Amino acid sequence: MSWLNPAPTMKTRLILCLLAAATAASAEEALDIAKLSLPFIKEKGLAWIEDRQCASCHQIPSMLWSLNSALKAGLITESPEVVKWTPWAADWRHWNQTKDKDGVDKVSAGNIDTMVFLLLGSSDPAPAWAADFRAQLLKNQQPDGSWKAGGQLPLGKRPPREIHEVTTMWTLLALKPTADDPVRKRAEDYLAKAQPGQSTEWHAARLLLKPDDAALREALLAFQHEDGGWGWLTNEPGDAFGTGLALYALAKSGLPADHDSRKKAVAFLKSTQRPDGSWPVPSTRARDKNRINKTATYWGTAWAVIGLLEEPAVTGVSAAR
């Protein structure tokens, strides 16, 4: 055996085995945590449909995205909810309890986020309604290059411009315009004037647009709290909403599943999960003064599942430890 490549000692073998076991345990825990949440997500999502008859800007898209993530991860082998309610949610007549007389153009203008999250969360790369959605999204780009948030999102507890910046970033992710597309150029000119966001969502969306940018990834990692969580607002205690968003963006940037930050986040979600599979999340609306509410809890639970189940992508960024 060459001295340049010595055989591993018994101690080294033991350390490698322990590291492999810890990584496997962390991955298994992530699956177990997500699996526990699925009944809650289905029950509350279907109850929303029955009660409101409305897809909502995030409620049903969040349900469908999280269930599609579970299907992709092999946690479930089929989902009648996805099959039945995806085409229903994609029908503009079911957005915000609108009436046919309002017309698709008017309704779509107030439901940018609904279209975007249905596109991003779809398991079908080319659903029948995708072309119509993209046409409406392009039609609703503002003269300044932005897309305006709808529903209750403008009531959020962050600066108004940041709210629309986040919707603009998610819309770019859904549209996937080429680098030389004027649509992208106008949006990037708008985003170039942005100040650093106050929400983890802003930083996560920015990283998703540039997953190979090591500085953006480090900026998002820097907001992780000692307990392993991220707050939906970066200066607030960790919650499932912020943590799920961060995990999703970091995975898309290529952060390995055995990275210390990911393992800490999994441990945080495990320790804060309720017996019914949900996580309590403070309202994202300013007027609610950080009280836990059902909508934020549902969004946060869905995002925790999406973040836990996202596999790290292969990118040009090296994994800092």
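Proximity of backbone amide H atoms, modeled 1.01 Å from N, is registered between residue 292 and 283 at under 5 Å, excluding neighbours fewer than 5 places apart on the same chain. Within the range 159-198, the trypsin sites (Lys or Arg not before Pro) that combine a DSSP coil assignment with at most 13 other C-beta atoms in a 10 angstrom radius are 193. Maximal additional length on extending the residue 219-residue 93 stretch stands at 41.3 nm, based on 0.36 nm per residue less the C-alpha distance. Computed from phi, the 3J(HN,Hα) profile of the range 223-234 under the Karplus parametrisation 6.51, -1.76, 1.60 (θ = phi - 60°) reads 8, 5, 7, 4, 7, x, x, 10, x, 4, 9, 5 Hz, with x in place of Gly and Pro. Among the listed pairs 185/263; 35/139; 106/157; 44/157; 193/270, those whose Cα-Cα separation exceeds 32 Å are 185/263; 35/139; 193/270.
Distance between Cα centroids, the range 270-297 to the range 192-254: provide it in whole Å. Answer, in whole Å: 19. Projecting the Cα atoms of 121, 296, 85 onto the charge dipole of the chain (Cβ charges, centred on the Cα centre) puts 296 farthest toward the positive pole. Just checking the listed ones, 79, 199, 69: in the Gaussian network model of the chain with Cα springs under 10 Å, the one fluctuating most is 79. Assuming charge only on the beta carbon of Lys and Arg (+1) and of Asp and Glu (-1), the dipole of the chain about its Cα centre is about 420 debye to the nearest 20.
Loop-resident trypsin sites (Lys or Arg not before Pro) (DSSP state other than H, G, I, E or B) in the range 84-149 with no more than 15 further Cβ atoms inside 10 Å of their Cβ: 99.
Between 220, 46, 255, the Gaussian network model of the chain with springs among Cα atoms under 10 angstrom shows the greatest mean-square fluctuation at 46.
The stretch between residue 235 and residue 212 holds 5.7 nm of extra length on full extension. This uses 0.36 nm per residue minus the Cα-Cα distance.
Spatially, the range 60-116 and the range 25-49 are offset by 18 Å when compared through their Cα centroids. At full extension, residue 176 and residue 270 could sit 30.4 nm farther apart than now, given 0.36 nm per residue minus the alpha carbon distance.
Modelled spin-label separation between residue 226 and residue 128, with each label point placed 7 Å from Cα along the Cα-to-Cβ direction: 5.5 nm. Close amide H contacts of residue 239 (hydrogens built in the peptide plane, cut-off under 5 Å, sequence separation of 5 or more or a different chain): 230, 231, 232.
Every number here is computed from the coordinates shown, using simple stated rules; none is lab data. Everything numeric in this text was worked out from a predicted model, so none of it was measured. No Cβ is skipped: glycine too gets one built from the backbone with ideal geometry, and neighbour counts run over all protein chains shown.
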